[in-house]
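Enquirer: Here you go, one structure.
Nothing in this text is a laboratory measurement; each read-out follows from the coordinates by a stated rule. The structure displayed is predicted, hence computed values, not measured ones. Quick reminder, even Gly has a Cβ in these numbers, built from the backbone with ideal geometry, and neighbours come from all protein chains shown.
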Amino acid sequence: MATKQRKNNRMIFSSWNYKVLALGILLVIAGFSAMYIENEVNGFISLYISPIVIMTGYITVIVSIMKHDDETGKASEES
């Protein structure tokens, strides 16, 4: 007889991870948009502001992916 296996329907990330991921993606888009809107190679925004905003966005995305909630892992192990 075949036994039924219980499906594990838990989310990979918590809501905090998704919010921070969305913030990071918005920062990256805002940085590239600011660079595009200024439309100068040697402009102040293109050289100084946009790279900082873009790198902050990338770091935020990495942090949101790498941070792990210990509470979600404990809850799935108990059930």
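Enquirer: So how much slack lies between ASP69 and ILE45, counting 0.36 nm per residue of separation and subtracting their Cα-Cα distance, in nm?
Expert: Taking ASP69 through ILE45 to full extension adds about 5.0 nm, to one decimal.
Enquirer: Mind checking Rg over Rh on the stretch 15-68, alpha carbons, Kirkwood formula for Rh?
Expert: In the stretch 15-68, Rg relative to Rh is 1.10.
Enquirer: Using a 7 Å offset from the Cα along the Cα-to-Cβ direction at both ILE29 and ILE62, what is the distance between the two label points in nm, to one decimal?
Expert: Inter-label distance under the simple model: 2.3 nm.
Enquirer: What spacing in nm lies between the two simple spin-label points modelled at ILE37 and ARG10, each 7 Å away from Cα in the Cβ direction?
Expert: 4.2
Enquirer: Tell me, what HN-Hα J-couplings in whole Hz come from the Karplus equation 6.51 cos²θ - 1.76 cosθ + 1.60 at θ = phi - 60° for each residue of the stretch 41-52, using x for Gly and Pro?
Expert: Taking θ as phi minus 60°, the curve returns 6, 9, x, 5, 5, 5, 8, 10, 7, 4, x, 5 Hz for the stretch 41-52.
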